[in-house]
Ligand code: FES
């Protein structure tokens with residue numbers, strides 16, 4: 001099975017390269033929760049809490065549902081490249097994308 005990789009920058013500016021096989025986890029949020037840190041995902045992927053807020057630094061990922069956009073609107077540090085990682089499938093479309101974790105608290 002193919003391996004894919006992403007790059008995730010934490011709040012300290014340190015970047016981790018993470019590898020995955022397609023659909024190992026239900027979402028990018030669950031993958032990062034298990035691989036990197038557990039201090040997010042309060043609503044368990046319901047697109048309600050905003051604690052899984054990330055920014056796409058490099059690469060493109062389309063397909064945002066209205067409820068994701070609605071939750072992002074309420075986040076004080078939203079950027080034009082903000083996403084909720086719980087709403088992003090862990091699949092080949094993420095390969096080589098670069099993200100930054102954006103905490104809201
Ligand atoms: S886990 Fe709550 S919005 Fe993503």
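The values are calculated or read from the model by the stated rules, or taken from the named source; none is laboratory data. In this text the structure is predicted, and so the values were computed from the model without any measurement. No Cβ is skipped: glycine too gets one built from the backbone with ideal geometry, and neighbour counts run over all protein chains shown.
Overview of results
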| item | result |
| --- | --- |
| Residue satisfying condition, being crowded, with 18+ Cβ neighbours inside 10 Å and either at pLDDT below 90 or within 13 Å of the ligand (Cβ to nearest atom) (or both), within set 36, 28 | 28 |
| Any hit, the stretch 5-25, residues being assigned to a loop (DSSP other than H, G, I, E, B), at pLDDT below 95 and either within 9 Å of the ligand (Cβ to nearest atom) or under 13 Å from the mean Cα position of the chain (by Cα) (or both) | yes |
| Scope the stretch 27-40; condition in contact with a strand residue (DSSP E or B) (Cβ under 7 Å, 6 or more places away or on another chain) and within 10 Å of residue 101 (Cβ to Cβ); matching residues | 32, 36 |
| Only listed residue being in contact (Cβ under 8 Å) with a residue 60 or more places away in the chain, out of contact with any strand residue (DSSP E or B) (no Cβ under 6 Å at 6 or more places or on another chain) and under 22 Å from residue 95 (Cβ atoms), chosen from 60, 24, 9 | 24 |
| Qualifying residues in the stretch 41-99 (those that are in a helix (DSSP H, G or I) and more than 10 Å from the ligand (Cβ to nearest atom)) - the one nearest to the chain's Cα centre (by Cα) | 94 |
| Number of the exception - residue 92 against (1) on the phi > 0 side of the Ramachandran plot; (2) surrounded by fewer than 18 Cβ atoms within 10 Å (Cβ to Cβ) | (1) |
